[in-house]
Structure formats: structure tokens, C-alpha cells
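Values quoted throughout were computed directly from the atomic coordinates according to the rules given, and no laboratory measurement underlies them. If you're wondering where the values come from, they're calculated on a predicted model, not measured in any experiment. As a convention, Cβ positions derive from the backbone with ideal geometry for all residues, glycine included, and neighbour counts pool all protein chains shown.
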């Protein structure tokens, strides 16, 4: 596989042209070239001396041979503990579904140098769900429904995830379309964080408009999801007063609630009405389901999540998975066992006794657990695997983990982060060399909306390359976890050749296709294609950026990226120093092409040999104070104004800076103001003509090969 990829990479590099997604494109210097993808090679079955066979039809009393296979992974793991050989061992799984009812724990006592993989050509599934059948017909809310008995004797029996085939079914939601708006945040019942009371005041109640409240039969099973700033809150309801509109929660918010913040109710019995919706009534021990077309009480088999964490690894070396599907896990509110509220909510607070969950971190679904969690381990690899309908984060490489690869895997319908690489805040980093290559990540953040496609906090020397990431509610790739200029364990991260699109979708704010934090020497953002990044456009919405270098981002190289169609600017640096931004195409930002938010005394960045194009938007947005950053030899063009370029706050007469204004402040150095001669900019074909004036300013066309190398179904 590696040789095949290297072969096609060499071809692309030799061509030396800029190509763009979704179509064959003529290159600057000649022939038409199409994106080439290869199928993953599953290999052949070769039974080794110590290999084991596992089958759904097997028996754990068997020896694990071809003719007498084992039944469970757990038994294979137990047998391998007693194998003292150093030779590599493969555990071969025959086709079928293996239910993981309880978390399988790998520890340092388990044998290393083991590959758990599917038999070639067979579909192997590890599932965290159980089948639900035994339906009868009923009516609820005037709509035909199916009903079955489900014992809910405790919180452990209660589930929040239900699946039909490969689809997650929706809990009943209210309203059916759109969102409600907070009427009054109830400041009197909140507690302010003294470090930042504006953003981080914690609320235990708010007031809804009274006509936005139903007569909830089971109010304590209702959940309120509030969307604001860069996070969403999942708040279990403690009580509702329909006469006043007051809604109280059993979990504090992580951030301030404001008038007109968006919110919805989930898991509302009275709102159950649409095909595919369901509701679990714990008071009656009944599961209700609104059937879809073709469903009958005889043929309807749904799968309920029974396990939220499939595997943990702690102190393990060299254990890998290949060709395996991990599917259908459950979730719970985070913070169940936390004690953070003890620091924020004194026992004298009138609502203290009603709190059951602690406050979350408000960013990047940070506290959400992982279905597969790896701690202080090395050589834990995943190849050609599918992660689908995972309700928490799918895969987390936690503190002290090193030398792991995720290659040619697919992540789809993920509740939180698809992949989370995390470490201690120590220098040098103890989490390092975690590589994510050739993966397809789609529809992440389905439950915890502020989740990331690939989140990396404190780690060193990692490659995030050739991935396709799309349709998340928040940032595609986020690297770094230190605000400001302090020494940072995150550095030498290669973020290259990723295809990132259709993120944000107007749900949250303050996001980027690629987002960074802190000082990161030797971090490179190169060869990525990013488009359709959209923030919340409501009263408090802001910030849908393509490349977003946030607080303290420094010593980062941004080159050879194509970024277009972002709701805010295509490039944004909040504040930082000594970044290099060169040879990129930044096109069609809704609010402008380029922005640096904070003016500092040092050089923020150097921007050279870039193409900036707008369509009746600002070129350099907001203030352009002197000596803020260095620019040299860039091309600027505005299609709507025939090339007339404006910078400043807006295009309004008294809020804009003309070309002469900006030049007098030391910018547009050696810049040219000409049509770059893209093949069809309005159709987003950015192929450059051979006589493009961009070549005059030293722009060097590059080879487009962003996205996966494997063809995924």
C-alpha cells in the first residue's frame, strides 16, 4: 500500500499544477489530470503458528483453529496472555457481529505484538448495542406508533441511542423545525467565574417564552440543548414551571446564557410524531417508535446502545486492529462524577442540592469520553477500520501515548470528536508521533456539536495528512491547547493535504477549517483545500474562518493552501508572532480575505506571494495600523468592483480604507492589482492560466492532491 501511494504522489509532484476538487482540471502547464484513488488491499489469509480464529459460531472451549474457532475476543486475549513467544500473532475474525457489552480492558499484562483483524473479504463488526424487538401497535400524540417493553430499573438500563441498520434514529425534539430563543437568562441564579465573568458565568436556570413550553409528562427526562458562542450545552432538566417559563437544570452551564440564545428540547414525549423518532419512557418501562415506510411490527429490529466505551488500553505495546467496524455506542451527560461545582457553587446556593453533574470545559468537547481510549501505550494502530454511530469521541490517544497510526479509516456519524490526541502539559511532550493519514471523517459532532474532526492538544511530531473532513458543526482540525506565548509542548505538527469542507453550517461561532493555539515551532499547514465554512449568523454569531491562527499561534508556516467560501475571512490570525503565510489562494470570504485581530508591537506575520480575491468584501479587514505585519508581492483583486480594492471595517464610505490609505501605512508592498485569470472563479475552478499575472509576483502553482488516497465506499 505504501509503495502504491508513493508512486501516485510522485506523479502528482512531477505534474506541478494546481488542481481542485470534484472535477478533472487542466493544469497550468499542460495535460488534463484526474485525482487517482486506490482501493485498500486487505491482503490474504495465512495462518501463523500461534494465530487464532474467532467466529460468532465458535465456542470459547475450542482451541481457536480454523475448524474449531473461539467465540469471543476476550477469550482470544486470555489465551494470548499465556503465549510467551515473541513472534507476531494474528487473531482472525470471521464475518459477523460481536457484541461488546462491557468495556474490554487491555493492560500491560496482555501480550503485545498482536494484530486483531478481519478475515479478508468478510465484514467484522464490534457493536455496543443490543437488538430490540417484540413490537405491538399503539397510538401516541394522535400518530401511529410501535411500542415494546423495556425494563429501566436503573440509570445503567436507560439508553439515549437507538439505531436502525446503519442509521442513528432521532429522539423526539421540540420544536420540529428551527429553534427557540431564551427569554431571560436568570442572572440571579447564576454563579460568575471570577477570572472571566462575561464568558464564563454558570447558569442553573433560564426563562423560556411561556408559549415554548409543553406540559411535559416526564420533565426530568427532557434535555435542553443551548447553542452559544463556540459551544453547545446539554442540560438535563430538573424541573419546569409552565406558568412562569422557568426551566431549571441539574447541570450548570459552562458559559454565559444570553437573551435570544438558541435552544431546543430533546427527548420530549409530547413531541413524538415524525417517522423514525423514538422515546423511552422510564416511568412506564416502554419504548415508543414512530415507524418509517415499510416498517412492520414483525420486521422492525432496532438496536439500543448498551455500552459507551468499547476498549481501553493502558500500558500496552504493539496491538493493532485492521478491517474491523466499531459501531453503535451509547452516551450519557458528561460530568456525572465530577466535583467542580464544589468550587463554584457553595452549599448555601439555593439550587446546590439539585445539581447532579459538574461543569464541562466549554471548548472542543474536551471532557467527552472516548469509545476507544489509549493511555501510556505505544504501537496501537488502526488500519482500514470503520467507526460509525459512535456516540462519544471515537478514538482518543491519551497521556503518554506514542508511536501510533490511524491509517485509511473511516469515521461517520460520530457524537463528539472523531480523533482526539491528548497529552500532559509538560515540555517536552510525552504524547508524540501519533499520525492520522488517509482517513475519511464525516458527520462528526452529531451529539456534542462543538466537537472537532481531529483534535490535538499537547503532542509532538505528529502527521495529520491526506484526510477528508466534512459536515461537522465545528472546526475541522484543531492543534494546540495553550492560549498566549508560554512554552508549549505542541510543535512539529504536519497538517498537510487535507480536504475540509461544509463545516459549521450556521450552528456555532468562532471556528476554522484549521485552527491553532499557542507557540508551535515547526508546525506546517500546507496543501490543504478548505471551503464552505459557516458560523452562526444570528445576533451573537461571528467567526467562520478558513485558516484560523488563534491566541498566541506563532512560528507556524502556512503555504500552498486553497481556502474559499467562508462566512467570515478566509484567513484569520487573532494574535501571534513570526508566522509565515505564503503562496496561498484566499478567495471569497464573506467579510473579507484577511484579518489580524490584535495589534501588537512585534511582527505578527509575513504574508508573501499570495493571491487574495474578494467579491465586494474587504481585502484587509478591520484596522490596518502601521507595522502590524509585513506583506510583500501579493496579488489583490475584487471581482465585484472591477479590481478596486478596499480594506478597513466595511465597504461603507466612512468605514473603509482605499488603496492609497493602506499603502501609506506600509502595506500592499510590491503588490499587484490584476485579475489572476482563474479558469472559472464563479464556478470555483481556480486553475490558473499560463499567462496569469500571479506568476509575476512569484506565485508558484502547486499540485492539488488534498483528501484521501484510499477510495472509500
Please compute one quarter of the surface area of the Cα convex hull for the range 492-703 and express it in square nanometres.
10.9
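Using the alpha carbons of the range 628-707, what is the convex hull volume per residue in cubic angstrom, as a whole number?
Residue-normalised Cα hull volume stands at 143 Å³.
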If each of residue 502 and residue 239 carries a label point 7 Å out from its Cα toward its Cβ, how far apart are those two points in nm?
4.5
Over its alpha-carbon atoms, the range 449-595 yields an Rg and a Dmax in Å of 13.5, 40
Share of alpha-carbon pairs per 5 Å distance bin for the range 552-647, given as whole %
3, 15, 25, 27, 20, 7, 2, 0
Given 0.36 nm per residue, what is the gain on full extension from residue 122 to residue 196 after removing their alpha carbon distance, in nm?
21.2 nm
At a Förster distance of 60 Å, what's the computed FRET efficiency of residue 188 paired with residue 691, Cβ-Cβ distance as r, to 0.05?
0.35
Ordering 617-629, 293-305 by per-residue average of other C-beta atoms within 10 angstrom, highest first, gives 617-629, 293-305
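Which of the peptides 444-450, 644-650, 387-393, 237-243 is most tightly packed, and how do the rest follow, going by the mean number of other Cβ atoms within 10 Å of each residue?
Details: 444-450: 26.1, 644-650: 19.1, 387-393: 28.0, 237-243: 15.9.
By packing density, highest mean first, the sequence is 387-393, 444-450, 644-650, 237-243.
Over the residues of the range 74-222, compute the C-alpha Rg and express it relative to 2.2 N^0.38 Å. Don't skip to the end; give the middle numbers.
Details: Rg = 24.6 Å, N = 149, 2.2 N^0.38 = 14.7 Å.
Output field value: 1.67.
When N counts the residues of the range 130-303, how does its alpha-carbon radius of gyration compare numerically with 2.2 N^0.38 Å, as a ratio?
On the way: Rg = 17.8 Å, N = 174, 2.2 N^0.38 = 15.6 Å.
So the range 130-303 has a normalised radius of gyration of 1.14.
Using a 10 Å cut-off around each Cβ, can you sort 133, 97, 708, 90 from fewest to most neighbouring Cβ atoms? Before the final figure, lay out each step's value.
Numbers: 133 11, 97 16, 708 23, 90 19.
Listing 133, 97, 708, 90 from fewest to most nearby Cβ atoms yields 133, 97, 90, 708.
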Between the modelled labels at residue 682 and residue 537 (7 Å from Cα along Cα→Cβ) the distance in nm is 2.0
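Please report the antiparallel percentage of DSSP beta bridges with both residues in the chain, rounded to the nearest 5.
Percentage antiparallel, nearest 5: 30.
Would you mind putting 155-164, 134-143 in packing order, based on average other-beta-carbon counts within 10 Å, highest first?
Details: 155-164: 17.6, 134-143: 13.3.
Most protected by this proxy first, the peptides run 155-164, 134-143.
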Taking R0 as 41 Å, what FRET efficiency do you get between residue 700 and residue 318 from their Cβ-Cβ distance, rounded to the nearest 0.05?
0.45
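If R₀ is 30 angstrom, what is the calculated FRET efficiency for the pair residue 356 and residue 74, using the beta carbon separation as r and rounding to 0.05? Let's see the in-between values first.
Numbers: r = 33 Å, r/R0 = 1.10.
That gives a FRET efficiency of 0.35.
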Summing -39500 (n - 2.57) over every DSSP H run of at least 4 in the chain, dividing by its residue total and rounding to the nearest 500, the 222 nm mean residue ellipticity is -1500 deg cm²/dmol
Say each of residue 143 and residue 167 gets a label point 7 Å from the Cα, pointing the same way as Cα to Cβ; how far apart are those two points in nm?
1.4
P(r) for the range 376-502: what percent of alpha-carbon pairs falls in each 5 Å bin, starting at zero?
3, 12, 23, 24, 21, 12, 4, 1
Between the range 416-471 and the range 89-157, what is the C-alpha centre distance in whole Å?
26
Can you give the Rg to Rh ratio of the chain, both from alpha-carbon atoms, with Rh computed by the Kirkwood formula?
0.99
